[in-house]
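K.L.:
Take this structure, written in structure tokens, and hold onto it; I'll ask about it next.
The values are calculated or read from the model by the stated rules, or taken from the named source; none is laboratory data. All values reported here derive from a predicted model rather than from experimental measurement. Glycine gets a Cβ as well: all are built from the backbone with ideal geometry, and neighbour counts include every protein chain shown. To get the accessible areas, we keep the full protein, side chains included, count just its heavy atoms, and leave off ligands, DNA and RNA. Shrake-Rupley method; radii C 1.70, N 1.55, O 1.52, S 1.80 Å.
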Amino acid sequence: MAHPLKLAADIGGTFTDIVLEQGPKRWSGKLLTTTAAPEVAVLEGALGLIAEAGFTPGDVDVFIHGTTLATNALIERKGAVTAFITTEGFRDVIEQGYEKRFDHYDLMIDRAVPLVPRHLRLTIRERLAVTGEELIPLDEAAVKGLADTIIAEGAGAVAIGFLHAYAHPAHEERLRELLRPLLPPEVTICISSEVAPEIREYERFSSTVANAYVRPLMAGYLHRLQRGLGNAGLNAPLYLMMSGGGLTMLETAARFPIRLVESGPAGGAILASRIAHQCKLPEVVSFDMGGTTAKICLLSGGEPERAHRFEIARAYRDMKGSGIPVRIPVIEMVEIGAGGGSIARVDKLGRLTVGPDSAGSTPGPAAYGRGGTKPTVTDANIALGKIDPAFFAGGKIALDEQASIDALAADIGKPLSLEAHWPAAGVAEIVEENMANAARVHAIERGKDIAAATMIAFGGAAPLHACRLAEKVGINHIIVPKGAGVGSAIGFLQAPIAYEITRSAIISLDNFDAPRVNKLLHQMVADATAVVKPAIGAAKPTVRIVADGRYVGQGHEIQISVPVRTLNAKDGATLKAAFESAYGTVYGLTIPHQQAEITTWSVTVSSTVKPPTPARKAPRKAAAKPKHARKVFDGRSGKLLPTPVYWRFDLAPGATLKGPAIIAEHETSTIVTSGFSARIDSAGYIHLERTK
């Protein structure tokens, strides 16, 4: 039987990556994102690649898509006018937030502005107790007035969030039922008990508002894309990548678009997970650097850390608490404004800074010739010889090297009195230090020794900076996979079809109520299976259960694994031991004789993915001759060094070479600095190993 033909598309802030795969064969392409209408680049890139590979759109068996559209809408505040209805007395919860300062020393602090202005935060009399007892009936007579206000204000979306609805959704469901016939059919309604049924009303309300805010935009985009694909003859099933690392069908994605906000980075983490298993790597740090951002994720035992909380649109770069929190299943990673398009400048204090703002695809870096005049990281890499203008993005995007040099000289060199290659070198050094600091902090917060990990580098810009970043954080081993420049899209093709459900239910581990937990988990497994079943058919799904635990009285939790079976009373002690082990790893101690509890339970049901073929070290052999040589700046020595350029596909398994060198391919280039050597393994991966 022929292998299925699978297509993947990843829309980033700067580039749209397309990958076509049939068994061991793979074709890929990279083109600039069409910001105003993202589906245009997807359709153009997909149809072009299909034709280039000798297929027709009708030959495609499955299409997998990830997009930053929801994230960008939240950051740029381009979602629908949204109304929020909540329990009387709680209209300002989404503005009060955590009622604390995220930066104690900034007297002029700016918090993230709520997505819903105060005049659209509406209330209604109702109240359910934490036990579910009805303290105040829902004021059904007031619903008509709410609907009139929503229509008069031109709202296109409504979010409903009541106190204790995470466990007792009756009033939310009833209000939705009453509102629906009173509002125009195009107005979307989201309720918190479906979007984020977890404790902590601020995060639950915030998540529901964010979902409602982007749902009209995302639903419209997804259905336009589906129509465009159909008109082109591509009628294969369309799956969307979710932030938690699983695939879902279009209908679910359109209903809960907030789950797509980290879909691209999640694809990269899935790729890193496959490689970690393939190469039997116990500890991994994945480094994904694209045109707009850099993402760093830690993996242990081949699995990325997962969480149920994410922060969007931070007002302050890398400052926790300055953004909009959402409770969604997400792969834990740190994301910073350090991509190829990140803009470099000299600030008022005479300091060289890079990002977090990006030139994106429009106008793009100065070298793109699309109107951009500000120097970026890409411009610096061009000026340093790391990017060959003739082969950028497979030769499909022309670059103006002199424009990069001029922009760097004007905005960086002149203010700082730097000449020659030093303005570009300064930009590269700053962006690499920013990423190194983020990686160090992310590892320390999780009790990890980053220097003991192997780095897996992918994304269009990561292989350009991987060696220098590894030197800064003490990493000795780097892997650059095949197709690294479109790594997240390749990760989409390796992801399972999956759905994750979370529920808050506080259960003591010292007096463990096994029957209650079994009943809860059984229902969650059934609900998640119902979402996945249409896509996987008769195949047996895989079930994963995790829980958030804490000591009684604490306000933060640590995630632990839960056995997938019927639990008994003795499992309380087993789970407590697992919690205290994880607690000790993070904090270096445990609290003797202190009771512990689970606050939130999470169930993921997914399809089974075939394990990858192990990658092995191939017998050593000499590398093929380089294509040519050019001068490239070496950050280790601070000099422009004559550097041979190898074509990646000329390097057979076992080929070895010493830095400095460049290993070029269609969508990126791997810079092997003077402190590293490179070898090719049986899977075609580049292994960079420190020699100095």
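K.L.:
With each pseudo-label sitting 7 Å past Cα toward Cβ, what's the R26-S581 distance in nm, one decimal?
P.N.:
3.4
K.L.:
Expressed as a rounded percentage, what relative contact order does the range 135-197 have, with Cα pairs under 8 Å and six or more residues apart?
P.N.:
On the way: 61 pairs, mean separation 27.1, N = 63.
Averaging sequence separation for qualifying contacts and normalising by length gives 43 percent for the range 135-197.
K.L.:
Given a Förster distance of 45 angstrom, what is the FRET efficiency for L640 paired with L182, based on the Cβ-Cβ distance and rounded to 0.05?
P.N.:
Numbers: r = 70 Å, r/R0 = 1.55.
E(calc), rounded to 0.05, equals 0.05.
K.L.:
Pairs of Cα atoms under 8 Å, at least six residues apart: use those to get the relative contact order of the range 113-164, whole percent.
P.N.:
Values: 31 pairs, mean separation 17.9, N = 52.
This gives 34 percent for the range 113-164.
K.L.:
Out of every Cα-Cα pair in the range 106-174, what percent are more than 17 Å apart?
P.N.:
Working: 1275 of 2346 pairs.
Value for the range 106-174: 54 percent of Cα pairs lie more than 17 Å apart.
K.L.:
With +1 on each Lys and Arg Cβ and -1 on each Asp and Glu Cβ, how big is the dipole of the chain about its Cα centre, in debye rounded to the nearest 20? Show your work: numbers first, answer last.
P.N.:
On the way: 74 positive and 71 negative charges, 402 e Å.
Approximately 1940 debye in magnitude.
K.L.:
Give the relative contact order (percent, whole number) for the chain; include only Cα pairs under 8 Å separated by 6+ residues. Don't jump to the answer; show the numbers that get you there.
P.N.:
Working: 1613 pairs, mean separation 81.8, N = 692.
The normalised contact order for the chain reaches 12 percent.
K.L.:
Say each of A398 and V564 gets a label point 7 Å from the Cα, pointing the same way as Cα to Cβ; how far apart are those two points in nm?
P.N.:
Result: 5.4 nm between the two label points.
K.L.:
Okay, next question. Summarise the long-distance tail of P(r) for the range 1-153 by giving the % of C-alpha pairs beyond 23 Å. Walk me through the numbers on the way to the answer.
P.N.:
Values: 7262 of 11628 pairs.
Result: 62 percent of Cα pairs exceed 23 Å.
K.L.:
Taking the solvent-accessible surface of protein heavy atoms with a 1.4 Å probe, what is the per residue accessible area of the chain in Å²?
P.N.:
Numbers: 28160 Å² over 692 residues.
Each residue of the chain exposes 41 Å² on average to a 1.4 Å probe.
K.L.:
Listed highest first by mean packing, meaning other Cβ atoms within 10 Å per residue, what order do 654-665, 545-556 come in?
P.N.:
The densest-packed peptide leads the list: 654-665, 545-556.
K.L.:
Let me ask something else about it. Taking Rh as the Kirkwood radius computed over C-alpha pairs, what is the Stokes-Einstein D of the range 1-72 at 10 °C in a medium of viscosity 1.306 mPa s, expressed in µm² per second? Don't jump to the answer; show the numbers that get you there.
P.N.:
Details: Rh = 12.4 Å.
Reported coefficient: 128 µm²/s.
K.L.:
If amide hydrogens are placed 1.01 Å from N in the peptide plane, which non-local residues have theirs closer than 5 Å to the one on S342?
P.N.:
The answer is A359, V377, T378.
K.L.:
Ok, one more. Show the residues, 5+ positions off or on another chain, whose built amide H is closer than 5 Å to the amide H of G12.
P.N.:
The list, which skips near neighbours in sequence, is D17.
K.L.:
Also: In whole Å and largest first, what semi-axes does the C-alpha gyration tensor of the range 601-669 yield when each eigenvalue is scaled by 5 and square-rooted? If you can, show how the numbers build up before the last one.
P.N.:
Working: eigenvalues 252, 72, 28 Å².
Semi-axes from the Cα gyration tensor: 36, 19, 12 Å.
K.L.:
Something else about it: Using the Kirkwood radius over Cα pairs, work out the Stokes-Einstein diffusion coefficient for the range 68-187 at 10 °C and 1.306 mPa s, in µm²/s as a whole number. Show your work: numbers first, answer last.
P.N.:
On the way: Rh = 16.0 Å.
The calculation lands on 99 µm²/s.
K.L.:
Only residues of the range 164-201 count here: report those whose backbone N is under 13 Å from the spot 7 Å along Cα→Cβ of L135, or say none.
P.N.:
164-165
K.L.:
How large is the dipole of the range 561-692 about the Cα centre if only Lys and Arg carry +1 and Asp and Glu carry -1, each at its Cβ, rounded to the nearest 20 debye? Before the final figure, lay out the partial values.
P.N.:
Details: 19 positive and 9 negative charges, 185 e Å.
Charge dipole, the range 561-692, about its Cα centre: 880 debye, nearest 20.
K.L.:
I would also like to ask the following. What does a probe at V552 reach in the range 509-535, counting residues whose amide N is under 12 Å from the point 7 Å along Cα→Cβ?
P.N.:
509-512
K.L.:
Continuing with the same structure: So if we plug the beta-carbon distance of K658 and R440 into 1/(1 + (r/R0)^6) with R0 = 25 Å, what FRET efficiency do we get, rounded to 0.05? Spell out each step's value before the answer.
P.N.:
On the way: r = 28 Å, r/R0 = 1.13.
Calculated value: 0.35.
K.L.:
Classify the range 140-291 as rounded, prolate or oblate from the Cα gyration tensor: take a ≥ b ≥ c as the square roots of its eigenvalues, call it rounded if a/c is under 1.5, otherwise prolate when a/b beats b/c and oblate if not.
P.N.:
Numbers: a/c = 2.95, a/b = 1.63, b/c = 1.81.
Oblate.
K.L.:
Kirkwood hydrodynamic radius of the range 515-574 from all distinct Cα pairs, in Å?
P.N.:
Details: mean 1/r = 0.0737 Å⁻¹.
Its Kirkwood hydrodynamic radius stands at 13.6 Å.
K.L.:
Out of H687, I591, A655, whose Cα points farthest toward the positive end of the dipole of the range 576-692 (charges: +1 Lys, Arg; -1 Asp, Glu; placed on Cβ)?
P.N.:
A655
K.L.:
Per residue, what volume in Å³ does the Cα convex hull of the range 564-633 take up? Intermediate values should be presented prior to the final figure.
P.N.:
Values: hull volume 23.5 nm³, N = 70.
Measuring per residue, one finds 335 Å³ for the Cα hull of the range 564-633.
K.L.:
What is the range 518-622 by shape, rounded, prolate or oblate, if you read a ≥ b ≥ c off the alpha carbon gyration tensor as root eigenvalues and call it rounded for a/c under 1.5, prolate for a/b larger than b/c, and oblate otherwise? Can you show the working numbers first?
P.N.:
On the way: a/c = 2.89, a/b = 1.26, b/c = 2.29.
Since a/c reaches 1.5 but b/c is at least a/b, the shape of the range 518-622 is classed as oblate.
K.L.:
OK, next. Show me 212-219, 611-618, 167-174 ranked by packing, highest mean number of other Cβ atoms within 10 Å first.
P.N.:
On the way: 212-219: 24.5, 611-618: 13.4, 167-174: 18.5.
My ranking of the peptides, most packed first, is 212-219, 167-174, 611-618.
K.L.:
Taking every eigenvalue of the Cα gyration tensor of the range 326-442, multiplying by 5 and rooting it, what semi-axes result, largest first, whole Å? Numbers along the way, then the final one.
P.N.:
Details: eigenvalues 120, 73, 32 Å².
Ellipsoid half-lengths, sorted descending, are 24, 19, 13 Å.
K.L.:
Could I ask something else about it? Out of all DSSP beta bridges with both ends in the chain, state the antiparallel percent to the nearest 5.
P.N.:
70
K.L.:
For the range 170-211, taking Cα atoms only, what is the radius of gyration to one decimal and the Dmax to the nearest whole Å?
P.N.:
Using the Cα atoms of the range 170-211, the pair Rg, Dmax is 11.1, 32 Å.
K.L.:
Would you mind telling me the share, in percent, of accessible area of the range 361-479 contributed by carbon and sulfur at probe 1.4 angstrom? Walk me through the intermediate numbers first.
P.N.:
Values: 2370 of 4330 Å².
C and S fraction of accessible area: 55 percent.
K.L.:
Which residue, I151, T35, L7, has the largest displacement toward the positive end of the dipole of the chain when charges sit on each Cβ (Lys, Arg +1; Asp, Glu -1)?
P.N.:
Toward the positive end, the furthest listed residue is L7.
K.L.:
Still on this structure, please answer the following. How far is it, in nm, from the label point at T149 to the one at K414 when both lie 7 Å from their Cα along the line to the Cβ?
P.N.:
Using points 7 Å along Cα→Cβ, the separation is 5.4 nm.
K.L.:
Using square roots of five times the C-alpha gyration tensor eigenvalues, list the equivalent-ellipsoid semi-axes of the range 604-644 in whole Å, biggest first. Could the numbers behind the result be given before it?
P.N.:
Working: eigenvalues 317, 75, 22 Å².
In descending order, the three semi-axes are 40, 19, 10 Å.
K.L.:
Using alpha carbon coordinates only, what is the Rg to Rh ratio of the range 409-496, with Rh defined as the Kirkwood radius?
P.N.:
Working: Rg = 16.1 Å, Rh = 14.9 Å.
Radius of gyration over Kirkwood radius for the range 409-496 works out to 1.08.
K.L.:
Using 27 Å as the Cα-Cα cut-off, could you pick out the over-long pairs in K320/K639; K30/K280; K78/K295?
P.N.:
Where the Cα-Cα span goes over 27 Å, the pairs concerned are K320/K639; K30/K280.
K.L.:
Carbon and sulfur: what percent of the range 51-148's accessible surface (1.4 Å probe)? Mind showing how you got there, number by number?
P.N.:
Details: 2770 of 5290 Å².
Answer for the range 51-148 is 52 percent, counting heavy atoms of protein chains only.
K.L.:
Would you mind getting me the FRET efficiency between S508 and N231? Use the beta-carbon distance for r and R0 = 51 Å, nearest 0.05. Could you put the intermediate results ahead of the total?
P.N.:
On the way: r = 57 Å, r/R0 = 1.12.
Calculated value: 0.35.
K.L.:
While we're looking at this one, here's another question. Let me know the charge dipole size of the range 132-207 about its Cα centre in debye, to the nearest 20, where only the beta-carbon of Lys, Arg (+1) and Asp, Glu (-1) is charged. Spell out each step's value before the answer.
P.N.:
Numbers: 6 positive and 14 negative charges, 28 e Å.
Its charge dipole is roughly 140 debye.
K.L.:
As a test of the formula, what do you get for the chain when each DSSP H run with n ≥ 4 contributes -39,500 (n - 2.57) and the sum is divided by the residue count, at 222 nm and rounded to the nearest 500 deg cm²/dmol? Let's see the in-between values first.
P.N.:
Working: 16 runs with 203 residues, N = 692.
The helix contribution divided over the chain gives -9000 deg cm²/dmol.
K.L.:
First obtain the Kirkwood hydrodynamic radius of the range 264-307 from its Cα pairs, then insert it into the Stokes-Einstein equation at 4 °C and 1.567 mPa s, and state the resulting D in µm² per second as a whole number.
P.N.:
124
K.L.:
Counting only other residues whose beta carbon sits under 14 Å from that of C297, what net charge do I get with K and R as +1, D and E as -1? Spell out each step's value before the answer.
P.N.:
On the way: positive: R274, K295, R306, R446, K448; negative: E262, E283, D288, E303, E305, E332, E335, E445.
Here the count lands on -3.
K.L.:
I would also like to ask the following. Give or take rounding to whole Å, what are the principal axis extents of the alpha carbon atoms in the chain, in descending order?
P.N.:
Answer, in whole Å and largest first: 78, 59, 57 Å.
K.L.:
Let me ask something else about it. Over all alpha-carbon pairs in the range 60-133, figure out the percentage whose distance exceeds 21 Å. Spell out each step's value before the answer.
P.N.:
Working: 1457 of 2701 pairs.
That tail contains 54 percent of the Cα-Cα pairs.
K.L.:
Another question about this same structure. Give me the Debye-computed log₁₀ of I(q)/I(0) at q = 0.18, 0.20, 0.24, 0.28 Å⁻¹ for the range 505-545, equal point scatterers on Cα only, no solvent, two decimals.
P.N.:
At q = 0.18, 0.20, 0.24, 0.28 Å⁻¹ the computed log10 ratios are -0.60, -0.68, -0.82, -0.97.
K.L.:
Please report how far the C-alpha centroid of the range 578-595 lies from that of the range 455-512, rounded to the nearest whole angstrom.
P.N.:
Value for the Cα centre distance between the two parts: 26 Å.
K.L.:
Compare the Cα positions of H666, S561, L416 along the charge dipole of the chain (+1 at Cβ of Lys, Arg; -1 at Cβ of Asp, Glu; about the Cα centre) and return the one farthest towards the positive end.
P.N.:
H666
K.L.:
Moving on to the next point. For a quick protection proxy, order the peptides 634-646, 68-80, 564-576, 455-467 by their average other-Cβ count within 10 Å, most packed first. It would help to have the intermediate numbers written out before the result.
P.N.:
Values: 634-646: 16.9, 68-80: 19.4, 564-576: 15.3, 455-467: 29.4.
Descending packing order for the listed peptides: 455-467, 68-80, 634-646, 564-576.
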